[in-house]
Amino acid sequence: MNFQAGDTVTGIYKTGKYIGVITEDRPMHYLVQVKAVLKHPVQGDLHSPKETDVPIFHERKALSYNEQTNVPKKMVRPYEGSVPDYQESLREALRIMKSELAEDPSDWAKRSLQNAEELEKEYFKA
């Protein structure tokens with residue numbers, strides 16, 4: 001499916017999923033401006049999923065509101081419906097991730113949950 005600038009789409013970037021607007025069609029990617037978060041990025045090392053014995057256990061933040069990113073064309077789908085508020089979508093995506101991690105007894109989940117709690121403090125400073 002081909003998209004053009006101005007189309008509202010979903011896109012997967014690394015391990016996060018976003019709603020955004022295409023701002024440019026590039027040879028291998030669409031440049032997408034983020035408007036909402038559907039799935040918060042997974043914590044830890046992307047090359048060693050669900051492992052804690054890694055050189056760096058990364059804290060992975062969600063892309064920011066209006067941040068632009070290159071999304072591979074095969075990871076872009078049409079989005080229908082109203083776009084949720086960015087802050088509310090981020091809060092909900094983080095809540096879902098934390099809920100799933102809380103049910104997982106693994107060391108990876110515990111460490112990821114710690115990251116998520118720190119991110120929550122950073123995202124929603126009073």
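Being touching a Leu at 6+ places or on another chain (Cβ under 6 Å), farther than 18 Å from TYR13 by Cβ and of a type in the set (Ser, Thr, Tyr): is that true of SER112 here? For SER112, the condition - touching a Leu at 6+ places or on another chain (Cβ under 6 Å), farther than 18 Å from TYR13 by Cβ and of a type in the set (Ser, Thr, Tyr) - is met.
What about ALA36, is it hydrophobic (A, V, I, L, M, F, W, C), assigned to a loop (DSSP other than H, G, I, E, B) and within 29 Å of ASN2 (Cα to Cα)? Taking the combined requirement at face value, the residue does not satisfy it.
Name the single residue, out of those in region 76-120 being part of a helix (DSSP H, G or I) and in contact with a Ser or Thr (Cβ under 7 Å, 6 or more places away or on another chain), that is surrounded by the fewest Cβ atoms within 10 Å (Cβ to Cβ). Among residues in region 76-120 that are part of a helix (DSSP H, G or I) and in contact with a Ser or Thr (Cβ under 7 Å, 6 or more places away or on another chain), the one surrounded by the fewest Cβ atoms within 10 Å (Cβ to Cβ) is ASP107.
Of all the criteria given as (1) modelled with pLDDT of 95 or more; (2) closer than 29 Å to GLN114 by Cα; (3) surrounded by 13 or more Cβ atoms within 10 Å (Cβ to Cβ), the one not satisfied by ASP7 is (2).
Which of the residues spanning region 87-126 are polar (S, T, N, Q) and closer than 12 Å to THR52 by Cβ? Scanning region 87-126 gives SER106, SER112, GLN114, ASN115. The residues of region 40-75 that are within 24 Å of GLU117 (Cβ to Cβ), in contact (Cβ under 8 Å) with a residue 40 or more places away in the chain, surrounded by 17 or more Cβ atoms within 10 Å (Cβ to Cβ) and not aliphatic (A, V, I, L, M), listed by number, are HIS40, GLN43, GLY44, PHE57, ARG60. Here THR23 fits the description: surrounded by fewer than 16 Cβ atoms within 10 Å (Cβ to Cβ), assigned to a strand (DSSP E or B), in contact (Cβ under 8 Å) with a residue 24 or more places away in the chain and not acidic (Asp, Glu).
The values are calculated or read from the model by the stated rules, or taken from the named source; none is laboratory data. Computed from a predicted structure; not experimentally measured. All Cβ positions, even for glycine, are placed from backbone atoms using ideal geometry, and neighbour counts span all protein chains on display.
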